[in-house]
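First the structure, in the form of structure tokens, and then the observations on it.
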Amino acid sequence: MSLTVREMYGCVVMAMALMAIPAGASAQAPGRFLVSGGGGYGSADARCDNCVGDRQGGAAGYFRLGYLVTPRLVLGGEANIWTKRESLGGASTRLRFSSVSATAAFYPDSAGFFIRGGAGLAMSRLDVNARDSSLREDLGRGFGVLAGLGYDIPISRRLSMTPGVNVWRGQIGDLKALGQTFATGWSQNVIDVTIGLTFR
């Protein structure tokens, strides 16, 4: 089968037009669920009525579930975690800051850039493991907020690589361990840089 010059020209024009369409646009069809998860590095700080914060680095991760309401708006939920492990003498401690939030993400254009915000529950937890005993204590819970931005880099029609930067904060109040209050006016915040995969 042979093509005329005009037909070949038409095929080239059509191929160029298809390549010019942002890869994320076809993946942004309304009525579709999005699932995303990933991890990276986080810098955390905490303050209370009688203490001053000192930023600490640790591992960060997230899991998101969303629904495409429109091609530019995703409503859903998100869980974030930051954790740091240290050894003190013969004991190992792990501090965890986490949050669970209802979120909204907005895509300003048909490309993959988005901004996101939300609010929900913030939590603090401490795990201590010694030779003969262990302690797992939920220190407190309170109101949390988050904001972030990211970019979906298409890998295939349904899969994107998603780097992002997030800021989340929790106002916990009183921290308690073994039934005793050891800090009041506790607040915590995390700035993290993550990379993950998003399925549509």
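The values are calculated or read from the model by the stated rules, or taken from the named source; none is laboratory data. In this text, all values refer to a predicted model and were calculated from it rather than measured experimentally. As a convention, Cβ positions derive from the backbone with ideal geometry for all residues, glycine included, and neighbour counts pool all protein chains shown.
Among the candidates Gly144, Gly164, Gly117, the residue that is under 27 Å from Leu75 (Cβ atoms), modelled with pLDDT of 95 or more, in contact with a Lys or Arg (Cβ under 7 Å, 6 or more places away or on another chain) and surrounded by 13 or more Cβ atoms within 10 Å (Cβ to Cβ) is uniquely Gly144.
Under the condition of being modelled with pLDDT under 50 and surrounded by 10 or more Cβ atoms within 10 Å (Cβ to Cβ), the residues counted in the stretch 15-60 number 8. Just to be sure, is Arg85 in contact with a strand residue (DSSP E or B) (Cβ under 8 Å, 6 or more places away or on another chain) and either within 23 Å of Leu197 (Cβ to Cβ) or in contact (Cβ under 8 Å) with a residue 60 or more places away in the chain (or both)? For Arg85, the condition - in contact with a strand residue (DSSP E or B) (Cβ under 8 Å, 6 or more places away or on another chain) and either within 23 Å of Leu197 (Cβ to Cβ) or in contact (Cβ under 8 Å) with a residue 60 or more places away in the chain (or both) - is not met.
Among the residues that make up the stretch 175-189, is at least one of them within 17 Å of Arg64 (Cβ to Cβ) and under 18 Å from the mean Cα position of the chain (by Cα)?
Taking the stretch 175-189 and keeping what is within 17 Å of Arg64 (Cβ to Cβ), we get none.
No: the stretch 175-189 contains no residue that is within 17 Å of Arg64 (Cβ to Cβ) and under 18 Å from the mean Cα position of the chain (by Cα).
Of all the criteria given as (1) among the hydroxyl-bearing types (Ser, Thr, Tyr); (2) over 27 Å from Arg55 (Cβ atoms); (3) surrounded by fewer than 16 Cβ atoms within 10 Å (Cβ to Cβ); (4) touching a strand residue (DSSP E or B) at 6+ places or on another chain (Cβ under 6 Å), the one not satisfied by Ser92 is (2).
Within the stretch 66-75, if we keep just the residues that are hydrophobic (A, V, I, L, M, F, W, C), in contact with a Gly (Cβ under 7 Å, 6 or more places away or on another chain) and closer than 19 Å to Tyr151 by Cβ, the residue that is surrounded by the fewest Cβ atoms within 10 Å (Cβ to Cβ) turns out to be Leu68. Within the set Ser187, Ser156, Ser124, Ser134, the sole residue that is buried (at least 20 other Cβ atoms within 10 Å of the Cβ), modelled with pLDDT under 95 and of a type in the set (S, T, N, Q) turns out to be Ser124.
Each residue in the stretch 156-200 was checked for being of a type in the set (A, V, I, L, M) and in contact with an Asp or Glu (Cβ under 6 Å, 6 or more places away or on another chain), and 1 of them qualify.
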